[in-house]
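Asker: For reference, the structure I am asking about is given below.
The values are calculated or read from the model by the stated rules, or taken from the named source; none is laboratory data. Since the structure is predicted, the reported quantities are computational estimates derived from the model, not experimental observations. Every residue, glycine among them, receives a Cβ derived from its backbone with ideal geometry; neighbour counts consider all protein chains shown.
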Amino acid sequence: MQVDVNSSAADTLRSRVSHFITDPVRSNSPFSRVRTDVQLVVSRILTHNWEAVIFGGILRDLMLRPSNWLPRDIDIVVSNVSNQELEMEFSDLLDRRTRFGGLHLRRNAMFDVWSLPSTWAIREFHLTETFSELPRTTFLNIEAVAIDLGSESGKPRSIYSHGFFESLTSRTLEINFEPNPYPELCVVRSLIMAAKLDFAIGARLAEYLIREASRASARALIDVQYQHYGAVRLTTEDLEYWLDCIKGEYGRRERITLPVSKERQRVLWNWPTLRDSSSLNGNRKLRGVARRRRLSSPQTGDGSGKLF
């Protein structure tokens, strides 16, 4: 749905997005270098008069970020443009194609850019190919938001949300759209997000985490982190501890809060963003060893590799 233009939270989001993508860059700080790259990509999209939105996690972080935060990646979705046309425009920035046909671009910032029809849930479930439908496709409610890249003079940017602002208000993570081809990644990301943001876990998400973690091996939950992040952000011990906490509280509380220290939150916010070339090379090597880790990843004490 489109958000009420008079919402104070919506106004805050619009202001922060405008600063991020349009205000002049006046320094050479790491954050300013990221903004320079963002403005380069945005300007090239708008030069073609392509309709596009910024989507998902970057908007979450713009609303909740600590002062020393640096964006890891920026998701941009473009309407009425094919992935092939996008590749022609951004061939000089192209790092690789994503698993669903979009583009992963890289400079000081990293971008995932794709055409609206190639969004997995829209394609697989035959959802309406509109920006207002896009927020319905995210697994978590805290990422169920998009905002127009361009804006008409004197008019506020359109915002499309499906539970995002309610999640901010309640400080609760919940499932927004459950079907997902990577349930192990959903488990890991949900735990990281709850701990990083200090958000409670809602009942439906808690049930999902217990169910899917019981189906996954410990090594699968480690491997998916190498494949997605290029590093292990949650060890087997972390996963066991937090999932045990959820299992112990499930059915007793509607909202479950993970025990996490302020220092651990800081680490989860500030994990390496991999912008310098040496870190990027190291990240590719880490992804490359994921298969070898399958044979050596720690298992639980019963030898089954299961967390429960």
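Asker: Testing V42 on (1) over 19 Å from A146 (Cβ atoms); (2) part of a helix (DSSP H, G or I); (3) out of contact with any strand residue (DSSP E or B) (no Cβ under 7 Å at 6 or more places or on another chain), one condition comes back false. Which one is that?
Answerer: Of everything listed in (1) over 19 Å from A146 (Cβ atoms); (2) part of a helix (DSSP H, G or I); (3) out of contact with any strand residue (DSSP E or B) (no Cβ under 7 Å at 6 or more places or on another chain), V42 misses just condition (1).
Asker: Checking the condition surrounded by 15 or more Cβ atoms within 10 Å (Cβ to Cβ), of a type in the set (S, T, N, Q) and either at pLDDT below 95 or assigned by TED's automatic domain parsing to the domain that holds V267 (or both), which residue from N80, N68, N108 passes?
Answerer: N108
Asker: Give just the number: which of (1) in contact with a strand residue (DSSP E or B) (Cβ under 9 Å, 6 or more places away or on another chain); (2) part of a helix (DSSP H, G or I) does W50 not satisfy?
Answerer: (2)
Asker: Return the only residue of L105, L86 being out of contact with any Lys or Arg (no Cβ under 6 Å at 6 or more places or on another chain) and in contact (Cβ under 8 Å) with a residue 60 or more places away in the chain.
Answerer: Only one candidate qualifies: L105.
Asker: How do the strands (runs of 3 or more DSSP E) wholly within segment 82-147 filter down when requiring 2 or more residues that are within 15 Å of the chain's Cα centre (by Cα) and over 22 Å from E178 (Cα atoms): which remain?
Answerer: The strands (runs of 3 or more DSSP E) meeting that bar are 110-115.
Asker: Considering only segment 250-259, how many residues are crowded, with 16+ Cβ neighbours inside 10 Å, within 21 Å of E184 (Cα to Cα) and not polar (S, T, N, Q)?
Answerer: Summing the residues that are crowded, with 16+ Cβ neighbours inside 10 Å, within 21 Å of E184 (Cα to Cα) and not polar (S, T, N, Q) in segment 250-259 gives 2.
Asker: Now a separate question. Hey, any hits in segment 24-36 for a residue that's crowded, with 17+ Cβ neighbours inside 10 Å, among the hydrophobic types (A, V, I, L, M, F, W, C) and not in a helix (DSSP H, G or I)?
Answerer: Checking segment 24-36: not a single residue is crowded, with 17+ Cβ neighbours inside 10 Å, among the hydrophobic types (A, V, I, L, M, F, W, C) and not in a helix (DSSP H, G or I).
Asker: As an exercise: evaluate R157 against (1) within 18 Å of the chain's Cα centre (by Cα); (2) closer than 24 Å to L40 by Cβ and give the number of the one condition it does not meet.
Answerer: With (1) within 18 Å of the chain's Cα centre (by Cα); (2) closer than 24 Å to L40 by Cβ applied to R157, the lone miss is (1).
Asker: Does segment 36-64 hold any residues that are within 18 Å of the chain's Cα centre (by Cα) and charged (D, E, K, R), and which are they?
Answerer: Within segment 36-64, R60, D61 meet the criteria.
Asker: To continue, here is another question. Is segment 112-120 home to any residue that is modelled with pLDDT under 95, of a type in the set (D, E, K, R), closer than 23 Å to I45 by Cα and in the same structural domain as V41 (by TED's automatic domain parsing)?
Answerer: Within segment 112-120, none of the residues are modelled with pLDDT under 95, of a type in the set (D, E, K, R), closer than 23 Å to I45 by Cα and in the same structural domain as V41 (by TED's automatic domain parsing).
Asker: Going by what's in this entry, would I222 be described as surrounded by fewer than 20 Cβ atoms within 10 Å (Cβ to Cβ), within 28 Å of R99 (Cα to Cα), of a type in the set (A, V, I, L, M) and assigned by TED's automatic domain parsing to the domain that holds E249?
Answerer: Here the answer is no, as I222 does not meet what is asked.
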